[in-house]
Every structure is written in structure tokens, then in C-alpha cells.
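S.K.: One structure, pasted below without further comment.
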Amino acid sequence: MNHFERRDGELFAEGVALRTIADEVGTPTYIYSAATLTRHFTVFDAAWGDIDHTVCYAVKALSNLSVLALLARLGAGFDIVSSGELRRVLAAGGVPSKVVFSGVGKTRDEMREALSVGIKCFNVESEAELHELSEVATELGAVAPVSLRVNPDVDPKTHPYIATGLRESKFGVPWQRAPALYAKAAALPGLKVVGVDCHIGSQLSELAPVLAAMAKLLELVDQLTADGHRIQHLDIGGGLGITYQDETPPTPAAYAKAVMGALGDRQLEIVTEPGRVIAGNAGVLLMRCIRTKDNGEREFVVVDAGMNDAIRPALYGAWHTLEAVVVAPEPPRRVDVVGPVCESGDFFAKQRDLPPIVAGDLLVMRSAGAYGFVMASQYNSRPRPAEVLVNGDRYDVVRRRESYEDLVRGEIIVETPEA
């Protein structure tokens, strides 16, 4: 469920007309619904009932400070993959002891920073990282809580770019090697083994891969417990999918029920890292038609948003619903919706049936809350969009649109010898 609805044919975000935001803030603009973010987090959190659990929102999905602050007030923990994300979480009021640090490329400086604030756990992804973290923690006189990210070699049946649990993936350690690596972790100074971690991929549309991974994880947990390790939590990652087109992913309740059923009577805290399922359908990208073009073969709707603003269609071939903000009563026409970026891959939809669109009309790309603005760039020297958070019948610009000065900030012109 989301709070983007039509009233007399016009699209609103909660109580605010999108046309109002376009007139006052401009386009392209990302628009998020506070009510939707709140509902999605609350439903996901409540699905776990009385079981000991921590929901660590995946900051990489949508990292605007106002969004993080909203989730922090709801009691969220956070899953981070950089010190920049850690700083965002802290600035937004997040609790360090509810932060897990994932990612294959943590630097020593990032380790130091995370240790200094007292995060919940490092999800370690290699033997080399174990040794480096041990050295850093020892230098600081600290103890780093660790879990190993275990790669169970399970096919998540999703796009290959967002599948992270297969044997050939750069993520995690092979689950067969995990017992030996846990023994090394326990023997290294400055480390404390506290959990087991796994994340098999994003946009999961069925439970079978989750349960297959759980079976291997729990077998590992039982072996580690028999070996004398005190495993306090099981981090099952994130990845629960959303509906972009016609997908029917499991509900949070079904997901939690399946995981808890597999867990049995084991006394473990469950840690989850949802991102897309919280933020995806809580946001849209608002854009305006610049002009239309007919080349005799196809009709193009050229909009002021481009692949630099929202790269998922170009990068993944991702499908997003596109809608006119005000629907015309005439029959639809088959068009390509394209941006102004100088790339043939700069499109949002090809051969899509839409109502007649003319210059000046507003469109939205749905399900743009996750992996939208966070993946935006300044390619073609295009300023990144504004971000707006709607709360009831008011809205706030929570990131202003970039200016030319923002584009060149940090650059200098150096004098070069004359030829």
C-alpha cells in the first residue's frame, strides 16, 4: 500500500497535489510519502511479533537525512556500507548500537570510525578483513563484534546484478569454509564473535530461496554452537521484493512466519536489513514533458528527467509504471519515454501505452523511492534533482535542487604552459 492516489483524475501524494510541487519546486523532483514510509516500516517490524529482533533499514536504498530521521524515530536500526552512511545515520539520530556494517571493501579508517561510536556488528566478508579488523581494534584497545557474511550458494531468482548469494559472487565467504574462519575469528585479539550473517540478493519474489539459505545457515549455527561459539544473532539480510509491474512478492508477515518456522526453538535474535520493501513504493519521480517527437517509426515523449536522475531502467532494464499526473480522457498512444542525456540507453519506457502527452504535461515514475536518487549522478553536467517529503497536507524540500555552482564545487582551473 502507498499514499499516492488520484482525486478527480489528478495524482496526489497524501494531501498534496503533485502539480503543486511541480509548480513550486520544479522538475525533476523525487517525492516521498512519510505515511507510506511509516506504514511500511511498522508492518515489517510488527511481522516479527514478540521474537527478539532488530530491523536495520538498508541505508543504500534511500539515504536522505529526513527519511533516516523518520525511521530512527520509529525505532529502526540501520544497515550501512560506508562511513558516509554511518555519518548520515548519526546525523539523523540513529542509535550506533543498532547499526550493522556490511560490504566487502571496508577501509581501516572506516573500521576505526565504526569502532569509535560502538556499532552493533561488523558483517565481515573475508579472512583478510578479519585480520585487518583485529589489528585496528587492537590498536584502539577496543573489541569489534563480528559475524561472518556466509555465502550459501543459493540462487535468489532475481536479476544477476542484484544476486549476491551465488558461488561466484564477490560477497561473503563460502559456507563450507565458515567453521574454520569462525575458529580463526575467535582466536584473534580484538574480535568477539556474536552472529552469523547472510544476504542472498535483492527483489526476492518467493520464499523458497530464503528457506534454502536458512537451512544452511541454521546448520552452521548448530555446528558453531557445538564448537563452543556463543551465537547471539542471526542476520538474514534483506531483499524482500516489491511490486513494480505484476510481481506478487511474499508479504512481510509471510516472510517472517517462514523464517520463524525454520528457526524453531533456537534462542537467537533475528536481524533483518530491509531497504527496497520500506522505501521503494514510498517514492515517485516527478518529471515534465519537454516536447514530443515522431520519427516516422516511433513517437517519443522527451522528458526533463534522464538516466542520470534514475538509472535503473538503463542499468537493469528495470520496469517502472509511468503515469500522467492529470489523465486525459482520450485513448492511449504507444510511445517511448526518453530523457535528454546523450545516450541511447537514456529511456524510462519503450513502446508503453500512455494517454496523449504534450509539452508541459507532468508524468511520474512510480516505485522510485529505492535506488532512485541515491544512484543519481551529474552526468552531462546535469544538476541532481530536488527531494521532497510529504507529510499529510504539507511538504518540505528535504534536499534542494543542485545549481551550477554545485556542479563545479571542488574543481579548479590550473594554468598550463603555452604550447
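S.K.: Starting from residues that are among the small types (Gly, Ala, Ser) and outside any strand (DSSP E or B), keep the ones in the range 385-419 and report whichever is surrounded by the most Cβ atoms within 10 Å (Cβ to Cβ).
M.R.: Result: GLY392.
S.K.: Go through (1) under 27 Å from PRO250 (Cβ atoms); (2) within 18 Å of the chain's Cα centre (by Cα); (3) buried (at least 19 other Cβ atoms within 10 Å of the Cβ) one by one and return the number of the condition ARG88 breaks.
M.R.: Condition not satisfied by ARG88: (1).
S.K.: When only residues in the range 354-384 that are β-branched (Val, Ile, Thr) and crowded, with 19+ Cβ neighbours inside 10 Å count, which is nearest to ASP246 (Cα to Cα)?
M.R.: Restricting attention to the range 354-384, the residues satisfying the condition of being β-branched (Val, Ile, Thr) are 357-358, 364, 374.
Filter once more, keeping what is crowded, with 19+ Cβ neighbours inside 10 Å: 357, 364.
Numbers: ILE357: 24, VAL364: 18 Å.
For the range 354-384, the residue satisfying everything is VAL364.
S.K.: Then there's this: Taking the range 384-399 on its own, how many of its residues are of a type in the set (D, E, K, R) and within 16 Å of MET287 (Cα to Cα)? Before you say what the answer is, go through the steps one by one.
M.R.: If we filter the range 384-399 for residues that are of a type in the set (D, E, K, R), which is where we start, we get 384, 387, 393-394, 396, 399.
Going one step further and asking which of them are within 16 Å of MET287 (Cα to Cα), we end up with 384, 387.
Count: 2.
S.K.: Of (1) under 23 Å from the mean Cα position of the chain (by Cα); (2) surrounded by fewer than 20 Cβ atoms within 10 Å (Cβ to Cβ); (3) under 15 Å from VAL173 (Cα atoms), ASP235 satisfies all except one. Which?
M.R.: Of (1) under 23 Å from the mean Cα position of the chain (by Cα); (2) surrounded by fewer than 20 Cβ atoms within 10 Å (Cβ to Cβ); (3) under 15 Å from VAL173 (Cα atoms), only one is false for ASP235: (2).
S.K.: So ALA258 fits all but one of (1) among the small types (Gly, Ala, Ser); (2) closer than 28 Å to PRO28 by Cβ; (3) out of contact with any Lys or Arg (no Cβ under 9 Å at 6 or more places or on another chain); what number is the exception?
M.R.: Only one criterion is unmet by ALA258, namely (2).
S.K.: Evaluate the following for LEU224: is it at pLDDT 95 or above, more than 19 Å from TYR57 (Cα to Cα), in contact with a Ser or Thr (Cβ under 6 Å, 6 or more places away or on another chain) and of a type outside the set (D, E, K, R)?
M.R.: no
S.K.: If you don't mind, there's one more thing I want to ask. Any residue in the range 339-353 that is among the polar types (S, T, N, Q), surrounded by 14 or more Cβ atoms within 10 Å (Cβ to Cβ) and touching a strand residue (DSSP E or B) at 6+ places or on another chain (Cβ under 8 Å)?
M.R.: Looking through the range 339-353, none of the residues is among the polar types (S, T, N, Q), surrounded by 14 or more Cβ atoms within 10 Å (Cβ to Cβ) and touching a strand residue (DSSP E or B) at 6+ places or on another chain (Cβ under 8 Å).
S.K.: Only one of ASP50, ASP23, ASP45 is touching a strand residue (DSSP E or B) at 6+ places or on another chain (Cβ under 8 Å) and of a type outside the set (A, V, I, L, M, F, W, C); which?
M.R.: Numbers: ASP50 fails: touching a strand residue (DSSP E or B) at 6+ places or on another chain (Cβ under 8 Å); ASP23 fails: touching a strand residue (DSSP E or B) at 6+ places or on another chain (Cβ under 8 Å).
Selected residue: ASP45, the only one of ASP50, ASP23, ASP45 that is touching a strand residue (DSSP E or B) at 6+ places or on another chain (Cβ under 8 Å) and of a type outside the set (A, V, I, L, M, F, W, C).
Residue-by-condition table, conditions (1) at pLDDT below 85; (2) surrounded by fewer than 24 Cβ atoms within 10 Å (Cβ to Cβ):
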residue: ARG149; (1), (2): no, no
residue: HIS159; (1), (2): yes, yes
residue: THR164; (1), (2): yes, yes
residue: LYS170; (1), (2): yes, yes
residue: PRO179; (1), (2): no, yes
residue: PRO189; (1), (2): no, yes
residue: ASP197; (1), (2): no, no
residue: ILE200; (1), (2): yes, no
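S.K.: Within the range 285-308, how many residues are touching a helix residue (DSSP H, G or I) at 6+ places or on another chain (Cβ under 8 Å) and crowded, with 20+ Cβ neighbours inside 10 Å?
M.R.: Residues in the range 285-308 being touching a helix residue (DSSP H, G or I) at 6+ places or on another chain (Cβ under 8 Å) and crowded, with 20+ Cβ neighbours inside 10 Å: 4 in total.
S.K.: Within the range 339-384, how many residues are outside any strand (DSSP E or B) and of a type in the set (Lys, Arg)?
M.R.: Qualifying residue count for the region: 3.
A quick yes/no check of all residues on (1) over 28 Å from ARG39 (Cα atoms); (2) of a type in the set (Gly, Ala, Ser):
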site: LEU315; (1), (2): yes, no
site: VAL326; (1), (2): no, no
site: GLY369; (1), (2): no, yes
site: ASP396; (1), (2): no, no
site: GLU415; (1), (2): yes, no
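S.K.: Restricting the search to the range 60-76, which residues are within 16 Å of PRO96 (Cα to Cα), in contact with a strand residue (DSSP E or B) (Cβ under 6 Å, 6 or more places away or on another chain) and in contact (Cβ under 8 Å) with a residue 60 or more places away in the chain?
M.R.: If the condition is that a residue be within 16 Å of PRO96 (Cα to Cα), in contact with a strand residue (DSSP E or B) (Cβ under 6 Å, 6 or more places away or on another chain) and in contact (Cβ under 8 Å) with a residue 60 or more places away in the chain, then LEU71 is the only one that fits.
S.K.: So, of the residues in the range 24-45 that are surrounded by fewer than 20 Cβ atoms within 10 Å (Cβ to Cβ) and touching a residue at least 60 places away in the same chain (Cβ under 8 Å), which turns out to be nearest to SER63 (Cα to Cα)?
M.R.: The selected residue is ALA35.
S.K.: Restricting attention to the range 374-389, does a residue exist that is over 24 Å from ASP23 (Cα atoms) and more than 23 Å from the chain's Cα centre (by Cα)?
M.R.: For the range 374-389, residues over 24 Å from ASP23 (Cα atoms) and more than 23 Å from the chain's Cα centre (by Cα): present.
S.K.: Any residue at all in the range 250-262 that is surrounded by fewer than 24 Cβ atoms within 10 Å (Cβ to Cβ), at pLDDT below 90, over 19 Å from the mean Cα position of the chain (by Cα) and over 24 Å from PRO145 (Cβ atoms)?
M.R.: The answer is no; no qualifying residue exists.
The values are calculated or read from the model by the stated rules, or taken from the named source; none is laboratory data. Since the structure is predicted, the reported quantities are computational estimates derived from the model, not experimental observations. A quick note on method: Cβ atoms are made from the backbone with ideal geometry, for glycine too, and the neighbour counts reach across all protein chains shown.
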